[in-house]
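Engineer: One structure, pasted below without further comment.
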Amino acid sequence: MRSAILANRDSDTPVLAGVRCQMDMEVSSPKRRKAQLHNLGDQTNEDMSPQMDPEKVVYSPIGVVSNRFNNSVDPKTMRNAVAVLILNQKCKGALEGLDRFRYLLIVYHIDRSPGYSERVHPTGDKSIPMRGVLATRSPCRPNPIGVTVAEILSVDGNKIRVTGLDALNKTPILDIKPYEEHFDSPAGIVRERDPNYSPCNGPR
């Protein structure tokens, strides 16, 4: 699915039109979601798919990726290039404080995924034995969602310059979060076992 890009009437910032990223369970009432999650816990050893009553979750992208890669290339080449995350103007205020961080978690919709494959060759290298797609970083996922850690180069208004991102030009951005070692690395898991450990909330 390709995104539709329109010009914002109030600025030159691109906005997304008609892009909806759908997943396997729809937003429903809190009571119903609680019942669904409870039922899932009872189905651990069963084939859940016929019993899940699958619905949809719908997200609206908060921006787009801007870079020079319109087609797939070597991921290393993409990660060593600079990209700009152009967020919708309504998110501008939500970026306050982000410039204190060095790294960023970027969650995006892989809108040019080739489609779901249950088993793939890791990194597309046919010399590597196939394995389940959920045990790889392949884009051929049940829900084509990408997550990448990128380095923040600058934050200017609603634009974030980064390096380390392996997403194509005009990729819809679903969310961004500051990378924090305590939450996003094995070191944090180990430190949490110490009852006296208390992480600070980001850099000071």
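The values are calculated or read from the model by the stated rules, or taken from the named source; none is laboratory data. Quantities reported herein were computed from a predicted structural model and do not represent experimental measurements. Using ideal geometry, Cβ is built from the backbone for each residue, glycine included, and neighbour counts are taken over all protein chains shown.
Engineer: What are the residues in region 57-84 that are without any contact (Cβ under 8 Å) to a residue 24 or more places away in the chain and either among the hydroxyl-bearing types (Ser, Thr, Tyr) or closer than 19 Å to Ile160 by Cβ (or both), if any? Reasoning before the result, please.
Structural biologist: Start the filter on region 57-84 by keeping residues that are without any contact (Cβ under 8 Å) to a residue 24 or more places away in the chain, which leaves 73-74, 76-77.
Thr77, the sole residue that qualifies.
Engineer: Could you tell me which of the residues Thr44, Thr77 is exposed (fewer than 11 other Cβ atoms within 10 Å of the Cβ) and modelled with pLDDT under 50?
Structural biologist: When all the criteria are applied, what remains is Thr44.
Engineer: Considering each of Val155, Val190 in turn, give the residue that is among the aliphatic types (A, V, I, L, M), under 20 Å from Glu96 (Cβ atoms) and out of contact with any Ser or Thr (no Cβ under 7 Å at 6 or more places or on another chain).
Structural biologist: Val155
Engineer: Tell me, which strands (runs of 3 or more DSSP E) wholly within region 99-194 include 2 or more residues that are over 16 Å from the mean Cα position of the chain (by Cα) and farther than 19 Å from Asn71 by Cα?
Structural biologist: Working: elements: 103-109, 145-156, 159-163, 172-178.
Filter on region 99-194 gives 145-156, 159-163.
Engineer: Still on this structure, I have one more. Would it be correct to say that Asp156 is within 23 Å of Ala83 (Cα to Cα) and at pLDDT 95 or above?
Structural biologist: Yes, satisfied.
Engineer: Anything in region 54-74 that is β-branched (Val, Ile, Thr) and loosely packed, with under 15 Cβ neighbours inside 10 Å? List them, or say none.
Structural biologist: Listed by number, the residues that qualify are Val57, Val58, Val73.
Engineer: For region 146-170, what are the residues that are small (Gly, Ala, Ser) and farther than 21 Å from Ser72 by Cα?
Structural biologist: Answer for region 146-170, where residues must be small (Gly, Ala, Ser) and farther than 21 Å from Ser72 by Cα: Ser154, Gly157.
Engineer: Is it true that Asn201 is within 15 Å of the chain's Cα centre (by Cα), assigned to a loop (DSSP other than H, G, I, E, B), at pLDDT below 95 and surrounded by fewer than 19 Cβ atoms within 10 Å (Cβ to Cβ)?
Structural biologist: Working: within 15 Å of the chain's Cα centre (by Cα): no; assigned to a loop (DSSP other than H, G, I, E, B): yes; at pLDDT below 95: yes; surrounded by fewer than 19 Cβ atoms within 10 Å (Cβ to Cβ): yes.
Judged against the criteria, Asn201 is not a match.
Engineer: Have a look at Leu174, Leu165 and point out the one that is closer than 28 Å to Asp99 by Cα and touching a Ser or Thr at 6+ places or on another chain (Cβ under 8 Å).
Structural biologist: Criteria check complete, one pass: Leu165.
Engineer: Now for a separate question. With the requirement that a residue be surrounded by 17 or more Cβ atoms within 10 Å (Cβ to Cβ) and of a type in the set (Phe, Trp, Tyr), what does region 104-128 give you?
Structural biologist: The answer is Tyr108, and nothing else.
Engineer: Would you please list the contacts, defined by Cβ atoms under 9 Å and residues six or more apart or on different chains, that run from a residue in region 85-103 that is over 10 Å from Lys159 (Cα atoms) and surrounded by 15 or more Cβ atoms within 10 Å (Cβ to Cβ) to a residue that is modelled with pLDDT under 95 and among the acidic types (Asp, Glu)?
Structural biologist: Listed by first residue and then by second, the contacts come to Phe101/Glu180; Tyr103/Glu180; Tyr103/Asp184.
Engineer: Might you check whether a residue that is among the β-branched types (Val, Ile, Thr) and over 24 Å from Glu181 (Cα atoms) occurs anywhere in region 94-109?
Structural biologist: no
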